[in-house]
Amino acid sequence: MIKIVVIGEIGSGKTFVANEFGYPVFDADKQVSKIYKNDKKCFFQIKKKFPKENITYPIKKFDIRKLILKNQKNIFKINKIVHPIVRNQMKKFIYKNKNMKGVVLDIPLFLENKLNKKGYILVYVQSKKKDINKRLKLRIGYSLKLLNILKKLQLSIELKKKKSHFIIKNNFKKFYLKKNVKLIKNKILENERSSS
């Protein structure tokens, strides 16, 4: 099974690229939203960690954002609870799709959380700063302060590009992007055929 991992900066268009490969996609951000909405065990763990905070079930992303903005160290406490659940769900997703030709993992902190293993194909999505900023400003709950806190968790762009097998330039023109994803997918399949 081909395992493609899509990485890149926040707002670079990773999700669009991930869906273009045509394989089942594990979207870590969507999984986190589901955990906040449905996982009572996670809620009780967060509530225990922050007893003085007014957090209710289902957890609202707004409350999590407030916690992080209040003290940026809180993000580490939250990640310690949420990330193992996401990791477990990723393993289940790969197992569930074991008979598929390939899967795509859209996990923002994939390298930072040391999830990279032999055989994973890393695709880095590169976008211009001005395009990223324009898109981020349109997002609900956009906060420059929060964005800067999240960026501190990430490895440098240079290191991520260096570790990637492919770099895809995203100019946010769908036709151009679809064409580039297709080229990369064909190269991956070609490599897969020649190595088997």
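The values are calculated or read from the model by the stated rules, or taken from the named source; none is laboratory data. Note that this is a predicted model, so its numbers are computed, not measured. We place every Cβ from the backbone using ideal geometry, glycine too, and count neighbours over all the protein chains shown. All accessible areas refer to the heavy atoms of the entire protein, side chains included, with ligands and DNA or RNA removed. Shrake-Rupley method; radii C 1.70, N 1.55, O 1.52, S 1.80 Å.
Proximity of backbone amide H atoms, modeled 1.01 Å from N, is registered between ILE2 and GLY102, VAL103 at under 5 Å, excluding neighbours fewer than 5 places apart on the same chain.
Excluding ligands, DNA and RNA, the accessible surface per residue across the stretch 1-143 is 58 Å² with a 1.4 Å probe. Charges were assigned to the Cβ only: +1 to each Lys and Arg, -1 to each Asp and Glu. The resulting dipole of the chain about its Cα centre is roughly 380 debye. Checking every one of the chymotrypsin sites (Phe, Trp or Tyr not before Pro) in the stretch 86-150 against DSSP loop status and a limit of 16 other Cβ atoms within 10 Å picks out TYR142. GNM on the chain, alpha-carbon springs under 10 angstrom: the most fluctuating residue among SER12, SER164, SER33 is SER33. 3J(HN,Hα) along the stretch 88-101, derived from phi through the Karplus expression 6.51 cos²θ - 1.76 cosθ + 1.60 where θ = phi - 60°, amounts to 5, 5, 5, 4, 5, 4, 5, 5, 4, 9, 4, 8, 7, 5 Hz, with x in place of Gly and Pro. Roughly how tilted is helix 174-195, in degrees to the nearest 10 and between 0 and 90, from the longest Cα axis of the chain? For helix 174-195, the angle is close to 70 degrees. Considering only PHE93, LEU115, SER156, the residue lying farthest towards the positive end of the dipole of the chain is SER156, judged by Cα position with unit charges set on Cβ. Both numbers refer to the Cα atoms of the chain; Rg and Dmax are 17.7, 58 Å. With a threshold of 29 Å on the Cα-Cα distance, the over-threshold entries among LYS40/LYS70; LYS152/LYS182; LYS91/LYS182; LYS47/LYS128; LYS30/LYS73 are LYS152/LYS182; LYS47/LYS128.
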